[in-house]
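Structure first, then comments.
The values are calculated or read from the model by the stated rules, or taken from the named source; none is laboratory data. Only a predicted model underlies this, so the values are computations on that prediction, with no experimental measurement involved. Positions of Cβ are backbone-derived with ideal geometry, glycine not excepted, and every protein chain shown enters the neighbour counts.
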Amino acid sequence: MKRPLLVSIAAIVFLALLGMAFGDHEAGVGDLLRWWWHPDAVDPMTLTVLVDFRLPRIALAGLVGASLALAGAITQAVMRNPLAEPGILGLNSGAALAAMVAIVMIGGNSSFYLSWAGTAGALAMVGLVYAIAWRDGISTTQLILVGIGLSTLAGAFITVISIIGNVRDVQRALIWLNGSLYDATWAKVYGLAVWMILPVGLAMLLSRELDLLRYGEDTARSLGQKAHIVRSGLIILCAMLSGAAISATGIVGFVGLIGPHLARATVGHGHARLLPVAALFGAVLVMAADFIGRTIIAPAQIPAGLMTAILGTPYFAYLLWKGRNAVV
Amino acid sequence: MIALPSQSDIQRAGLAADRIKTSVLVALVLMLPAIALWSIMQGKLAITPGDVVSAHLAFDGSRIHVIVQTIRVPRVLAGLLAGAALAVAGAIMQAMTNNPLASPGLFGVNAGAAFAVVMAMSVLGVDASAAYVWYAFAGAALAGAAVLALGTTGKTGPGPARLALAGAVITAFLTALTTSVLIFDVALLDHLRLWTAGSLGGRSMPTIAPVMPYIVIGLLAAFFVRHQVMTLSLGIDTARSLGQSPLLWRGLCGVIVVLLAGGAVSIAGPVGFVGLVVPHIVRMLVGVDYRWIIPFSAVAGALLLVVADAVGRSALEGVDVPVGVTMAFVGAPFFLYLARYRLGRSP
């Protein structure tokens, strides 16, 4: 337990230092330390770059990664399927569509407002997915297929909005949609951090319930769990986490799949240990994706969402391949 | 005494059914020019049937004639070709995999072709459709093979969800790569923005003409092997016991799918759902016989895509909705219906 925690924290610190040091402007942590001791020795430009651009970006990447990975861990437990991922269930595209509507149609700007929109969209999507897939119970096959279908439909709506909307709003929305941390601000960081307190806290408190879910509905019920209520509550938490993360940065896919998987491989199935490690791994993933995306072909930037998709899909394919002898 | 139907009665009934199907097919084929003409007339500028005829018989260089010849007609022709190609590709894929969700869009074939075309244009600077259609073929073949490899191997066999997941994953990967390439190539992005959503807008004769032979060859080949496709659809064991070499015919059908889907993507972009929806609707009408499904799919696919495109460009004032989006609005609900009612349930 301690090792993975320490390693991921070290990785986060390392990535933060790297993220501070690289970019168009010559600056690094050294400048920040120097400013601490001698406020006059550092020019204001460098300070602005570090404090107002790079730091919030790093912090936001970490928070988004953590909440997406938590959402993924919860989804996998609730669906009892290692391939479950908020994106596959249509959560991501629901949040994206709602936020797109908020940006382009209503002109919403504040990040708190977008968090609500994203969460509402994600929740509506989960509700719809379950409603359509439900036929005297839920089968995973149906859930996955309905999720894929509804994601496509939401994608079509997004395209229509991007065609009919005001070009400036649409451009902003499209950059955001691909999962960009480009315009990270402290306001966004605080907004997301405050928003996350409740669902993260509840998820940690419910870690025993998550463990029970793994044994199946009947076992969980016989051990005193009100399975339906717990499940619905957990899915709402999940929508809160991924909805808010997506409204902050756009679609950053596959973190919700990879983070929990790697965590399970290192610390096992107990959620009290799994959840924090998954969150830290998720943070590392998005921070690394963003760092690679913005430095690999600088000055151009690849949005973090594209980087996680390019890195994450092969991993997903690997899981699919590895599980080829099991029932989906 | 109950009179059992004799052998000749059954044959006669079968022949009568065949005759009905043939006449419906002929009627649909005859509808094609009418629908094409109607579609040519739709759009911002009102065009009468007389304009369309005179633009070809007595071209006088007027604005209307130029629009008919260089914009509307190529667009409708592209729709007819792409629609027929995608629908037949979907039908053959459904027969090959025995999977109701098989279609070039869902199984990553379209995304593979689109990625290859974008790479060819951006990295290699290929800009003639005669050249990039080959990249489209290669991309379609590789992506399709990858999805099949991921989705069908293993002891439990190809469950519909497993193949759909494999298709979704490969599509997500290729789409992310395509978007990354386009982010850095702003000129190309501007050029291809609608194409990547699946669009018939801005097609010109020089881009369609070089691709047309491949699609026509693919459609003809599909028509001639329809008996073999029927046998394939019975499953590998039955096909083998009927004396069919599964490897040979699967391979050949794969080549036809690649020709059709790759060709369609090079002229219309990755349009989804045509290959899923059309064969299913056709199957509801004519039954499970692929000897009929294939020709019906070709005609119905062409009709559907042309109508969807005409609706997309005239439904909203001054907005040209890409046909890929219109098809998603038609196809996604249909897909949901299939997912809910038509697929075997697994725990």
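Each residue in the stretch B:200-214 was checked for being within 18 Å of B:Leu86 (Cα to Cα) and in contact with a Phe, Trp or Tyr (Cβ under 9 Å, 6 or more places away or on another chain), and 2 of them qualify. Which members of the stretch B:170-184 meet the condition of being modelled with pLDDT of 85 or more, within 7 Å of chain A (Cβ to nearest Cβ) and closer than 14 Å to B:Val123 by Cβ? Hit for the stretch B:170-184 is B:Leu177, nothing else. Here's a check for you: in the stretch B:128-154, which residue that is of a type in the set (Ser, Thr, Tyr) and assigned to a helix (DSSP H, G or I) is nearest to the other protein chains (Cβ to nearest Cβ)? Looking at residues that are of a type in the set (Ser, Thr, Tyr) and assigned to a helix (DSSP H, G or I), I get B:Thr152. Of the helices (runs of 4 or more DSSP H) entirely within the stretch B:1-89, those holding at least 3 residues that are among the charged types (D, E, K, R) occupy B:7-41. Contact annotation: residue pairs with Cβ atoms under 9 Å, 6 or more positions apart or on different chains, pairing a residue in the stretch B:260-271 that is at positive phi with a partner that is of a type in the set (S, T, N, Q) and assigned to a helix (DSSP H, G or I), are B:Gly269/B:Asn110; B:Gly269/B:Thr196.
One residue alone among B:Gly301, B:Gly272, B:Gly287, B:Gly262 is closer than 28 Å to B:Tyr132 by Cβ, at pLDDT below 90 and of a type outside the set (Phe, Trp, Tyr), and that residue is B:Gly272. Once the stretch A:41-50 is narrowed to residues that are without any contact (Cβ under 8 Å) to a residue 12 or more places away in the chain and surrounded by fewer than 18 Cβ atoms within 10 Å (Cβ to Cβ), the residue that is nearest to A:Met20 (Cα to Cα) is A:Thr48.
For A:Gly256, the conditions (1) buried (at least 24 other Cβ atoms within 10 Å of the Cβ); (2) in a loop (DSSP other than H, G, I, E, B) all hold with the exception of (2).
Checked against the criteria, A:Ala117 does not count as outside any loop (DSSP other than H, G, I, E, B), at pLDDT 75 or above and under 13 Å from the mean Cα position of the chain (by Cα). The listed residues are B:Leu124, B:Leu150, and the only one of them that is of a type in the set (A, V, I, L, M), surrounded by 21 or more Cβ atoms within 10 Å (Cβ to Cβ), modelled with pLDDT under 90 and over 16 Å from the mean Cα position of the chain (by Cα) turns out to be B:Leu150. When the criteria are applied in full, B:Pro213 fails the requirement of being in a loop (DSSP other than H, G, I, E, B) and of a type outside the set (Ser, Thr, Tyr). Considering only residues that are away from chain B (no Cβ under 14 Å) and closer than 23 Å to A:Val230 by Cβ, which ones fall in the stretch A:96-133? Matches in the stretch A:96-133: A:Thr119, A:Ala120, A:Ala122, A:Leu123, A:Ala124, A:Val126, A:Gly127. Note on the stretch A:142-233: enclosed helices (runs of 4 or more DSSP H) holding 3 or more residues that are within 14 Å of chain B (Cβ to nearest Cβ) are A:167-177.
Check whether at least one residue in the stretch B:198-209 is of a type in the set (Ser, Thr, Tyr), within 14 Å of chain A (Cβ to nearest Cβ), buried (at least 19 other Cβ atoms within 10 Å of the Cβ) and not in a helix (DSSP H, G or I), and report yes or no. Yes, because at least one residue in the stretch B:198-209 is of a type in the set (Ser, Thr, Tyr), within 14 Å of chain A (Cβ to nearest Cβ), buried (at least 19 other Cβ atoms within 10 Å of the Cβ) and not in a helix (DSSP H, G or I). Total residues in the stretch B:90-127 satisfying the condition of being in a helix (DSSP H, G or I) and either within 13 Å of chain A (Cβ to nearest Cβ) or touching a residue at least 60 places away in the same chain (Cβ under 8 Å) (or both): the figure is 20.
Taking only pairs six or more apart or across chains, which ones have beta-carbon atoms under 6 Å, a first residue in the stretch B:170-193 that is farther than 21 Å from B:Ala146 by Cα, and a second residue that is outside any helix (DSSP H, G or I) and modelled with pLDDT under 75? Matching pairs, first to second residue: B:Phe184/A:Ala300. Scanning for something farther than 15 Å from B:Ala328 by Cα and either without any contact (Cβ under 8 Å) to a residue 40 or more places away in the chain or of a type in the set (D, E, K, R) (or both), does the stretch B:301-312 turn up at least one residue? No, there is no match, as no residue in the stretch B:301-312 is farther than 15 Å from B:Ala328 by Cα and either without any contact (Cβ under 8 Å) to a residue 40 or more places away in the chain or of a type in the set (D, E, K, R) (or both). The set of residues from the stretch A:197-251 being of a type in the set (Val, Ile, Thr) and in contact with a Gly (Cβ under 7 Å, 6 or more places away or on another chain) comprises A:Ile246, A:Thr249, A:Ile251. Restricting attention to the stretch B:73-102, the residues that are under 14 Å from B:Leu259 (Cα atoms) and not hydrophobic (A, V, I, L, M, F, W, C) total 2.
Of all residues in the stretch A:290-309, which are out of contact with any Gly (no Cβ under 6 Å at 6 or more places or on another chain), surrounded by fewer than 24 Cβ atoms within 10 Å (Cβ to Cβ) and assigned to a helix (DSSP H, G or I)? Listed by number, the residues that qualify are A:Ile292, A:Thr295. Applying the criterion of being over 17 Å from the mean Cα position of the chain (by Cα) and in contact (Cβ under 8 Å) with a residue 12 or more places away in the chain to the residues of the stretch A:294-316, the residue that is farthest from the other protein chains (Cβ to nearest Cβ) is A:Thr295.
Scanning the stretch B:326-338 for residues being touching a residue at least 12 places away in the same chain (Cβ under 8 Å) and either under 21 Å from B:Arg313 (Cβ atoms) or within 7 Å of chain A (Cβ to nearest Cβ) (or both) gives a total of 7.
Of the numbered criteria (1) within 12 Å of another protein chain (Cβ to nearest Cβ); (2) part of a helix (DSSP H, G or I); (3) surrounded by 24 or more Cβ atoms within 10 Å (Cβ to Cβ), the one A:Met287 fails is (1).
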